[in-house]
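J.: Sharing a structure below in structure tokens format, with a few things to ask.
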Amino acid sequence: MKRNSRGTDCRFAICDLRLVGRVVVLLFLSLLTGCSSSPSASPRTAWDGPQTAQKYSTESWSFHGLPGSTLRTAHYNIHSTIQDPDYLNRLAQTMEGALLQYQKLCPQINVNDGRPMECFIFAKRPEWAAFTQEHTGSDARVYLQINRGGYTVRDWYVAYDIGQGTYAVAAHEGWHQFAARFFKGRLPPFLEEGIATQFENIQWSGDLPRWNLNVHPNRAQRLRRTVENGNLWPLEKLVAMHAGDVVGLKGEQIEAFYAQNWAFARFLWDGQNGKFRPAFQQLLADTAQASIYDPTGHGRGSGADFRNSKAVLEHYLNLYFPKIEEAYRAYVQQVAFDRFNEQWQQGF
């Protein structure tokens, strides 16, 4: 993989929605430098979103001679060859609305650094593929295996029109983009994916996006199917994986990877009545400051070596790994079966 400007590996932040119909994600956060640790600070139990439409300007943009537009919002440059102005408006509302969700989870991260985050959303897959081949070097062979979704490289992401699911991809990749721009360290990749999936489930009030971070019927359905078919990844294997490991696998294996990551992020927040939430918040806080626990003793704290994820989880949760897996499996049972109907909360 290429090296980014921080000297860490370029992230395989992929959202593959080949098995998901609608949208996204999550969670969190309590930075020592200041995200709120109060559960009430996180909008996880009701539909939540911006109260007014986000303003933006539009100017011409093109790719390989194809006409397009750049939407300049307060925090994003959204470059697109999509021509539908209503569709483009919803993309702008999705990105700025999702950023508000990220900020509510971490209110003291200053997102107004004067540098817009770059998004590339193409009307057709061949355009996306051409851009990918030109801009991702040897990693292009991995990204080009994505059937329905997008990917993030450093703090910019690339996607293409897949209908209503495009908003899910945008919100998912937006989390990776946010973490890449504003976190000094790197979360374990499987956990970063789990957090990202929690932003996918978007509903609309007119042209205003709404999130409820407690519910995601599509991921819950896939999780249940994964359990019923006996396709659960062992947790020890899961925590050492990133999206690039599964992008070329069978559909049910990809389905299991994302559904289990979603469930693990929820487990850290909700499991056993929030027992692990303080530890999760500490992990997030340390990662944001590049001081995440380093089991090698080298003291780098960047979290870049995801092979240490097992030891990192043991440290923060203060449990031996078999006990973590036991508690996680019990939570999977709850979400996929015992509390399955909760995933269909509607209304805002």
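J.: Of the numbered conditions (1) out of contact with any helix residue (DSSP H, G or I) (no Cβ under 6 Å at 6 or more places or on another chain); (2) under 21 Å from GLN101 (Cβ atoms); (3) aliphatic (A, V, I, L, M); (4) buried (at least 24 other Cβ atoms within 10 Å of the Cβ), ALA180 fails exactly one; give the number of that condition.
T.: Here ALA180 meets the rest and fails (4).
J.: Here is a further query. Give the residues of segment 50-59 that are part of a strand (DSSP E or B) and surrounded by 12 or more Cβ atoms within 10 Å (Cβ to Cβ), sorted by residue number.
T.: Within segment 50-59, THR58 is the sole residue that qualifies.
J.: Could I ask something else about it? Considering only segment 63-70, I want to know if a residue exists there that is buried (at least 16 other Cβ atoms within 10 Å of the Cβ), among the aliphatic types (A, V, I, L, M) and at pLDDT 95 or above.
T.: No.
J.: Hey, another quick one. If we scan segment 256-268, do we find a residue that is more than 15 Å from ALA196 (Cα to Cα) and surrounded by fewer than 20 Cβ atoms within 10 Å (Cβ to Cβ)?
T.: no
J.: Here is a further query. Residues that are without any contact (Cβ under 8 Å) to a residue 60 or more places away in the chain and over 30 Å from TRP269 (Cα atoms): does segment 172-183 have at least one?
T.: Scanning segment 172-183 turns up no residue that is without any contact (Cβ under 8 Å) to a residue 60 or more places away in the chain and over 30 Å from TRP269 (Cα atoms).
J.: While we're here: Within the set of pairs 6 or more residues apart or between chains, which connect a residue that is over 19 Å from VAL169 (Cα atoms) inside segment 240-259 to a residue that is in a loop (DSSP other than H, G, I, E, B) and aliphatic (A, V, I, L, M) with Cβ atoms less than 7 Å apart?
T.: Hits for this filter: GLN253/VAL246.
J.: Counting only residues that are among the β-branched types (Val, Ile, Thr), give me the helices (runs of 4 or more DSSP H) lying completely in segment 193-308 with at least 2 of them.
T.: Counting at least 2 such residues, we get 217-228.
J.: Restrict the check to segment 315-330 and report whether at least one residue is over 26 Å from ARG225 (Cβ atoms), at pLDDT 85 or above, of a type outside the set (A, V, I, L, M, F, W, C) and crowded, with 16+ Cβ neighbours inside 10 Å.
T.: Checked against the condition, which is being over 26 Å from ARG225 (Cβ atoms), at pLDDT 85 or above, of a type outside the set (A, V, I, L, M, F, W, C) and crowded, with 16+ Cβ neighbours inside 10 Å, segment 315-330 yields at least one hit.
J.: Here is a list: GLN281, GLN253, GLN289. Which entry is of a type outside the set (Ser, Thr, Tyr), closer than 14 Å to ILE195 by Cβ and under 21 Å from the mean Cα position of the chain (by Cα)?
T.: Exactly one residue qualifies, and that residue is GLN281.
J.: When the residues of segment 309-348 are filtered to those that are hydroxyl-bearing (Ser, Thr, Tyr) and in a helix (DSSP H, G or I), which remaining residue is nearest to ARG186 (Cα to Cα)?
T.: Selected residue: SER309.
J.: Let me ask something else about it. Give the residue, chosen from TYR157, TYR143, that is under 28 Å from LEU284 (Cβ atoms) and at pLDDT 95 or above.
T.: So the residue among TYR157, TYR143 that is under 28 Å from LEU284 (Cβ atoms) and at pLDDT 95 or above is TYR157.
J.: Among the numbered criteria (1) closer than 24 Å to ALA256 by Cβ; (2) not in a strand (DSSP E or B); (3) not charged (D, E, K, R), which single criterion is violated by TRP128?
T.: For TRP128, the exception is condition (1).
Matching residues to (1) assigned to a helix (DSSP H, G or I); (2) under 17 Å from ALA170 (Cα atoms); (3) free of Cβ contacts under 8 Å to residues at least 12 places away in the same chain; (4) within 18 Å of the chain's Cα centre (by Cα):
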{"residue": "TRP61", "(1), (2), (3), (4)": "no, no, no, no"}
{"residue": "ALA74", "(1), (2), (3), (4)": "no, yes, no, no"}
{"residue": "HIS79", "(1), (2), (3), (4)": "no, yes, no, no"}
{"residue": "ILE82", "(1), (2), (3), (4)": "no, yes, no, no"}
{"residue": "ASN89", "(1), (2), (3), (4)": "yes, yes, no, no"}
{"residue": "THR94", "(1), (2), (3), (4)": "yes, yes, no, yes"}
{"residue": "LYS104", "(1), (2), (3), (4)": "yes, no, no, yes"}
{"residue": "VAL111", "(1), (2), (3), (4)": "no, no, no, yes"}
{"residue": "GLU118", "(1), (2), (3), (4)": "no, yes, no, yes"}
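J.: Let me ask another. Filter segment 133-166 down to residues that are closer than 19 Å to HIS242 by Cα and of a type in the set (S, T, N, Q) and give me whichever is surrounded by the most Cβ atoms within 10 Å (Cβ to Cβ).
T.: Checked segment 133-166; the qualifying residue surrounded by the most Cβ atoms within 10 Å (Cβ to Cβ) is THR152.
The values are calculated or read from the model by the stated rules, or taken from the named source; none is laboratory data. All of these numbers come straight from a predicted model, not from anything done at the bench. Methodologically, a virtual Cβ is constructed for each residue, glycine included, from the backbone with ideal geometry; neighbour enumeration extends over all protein chains shown.
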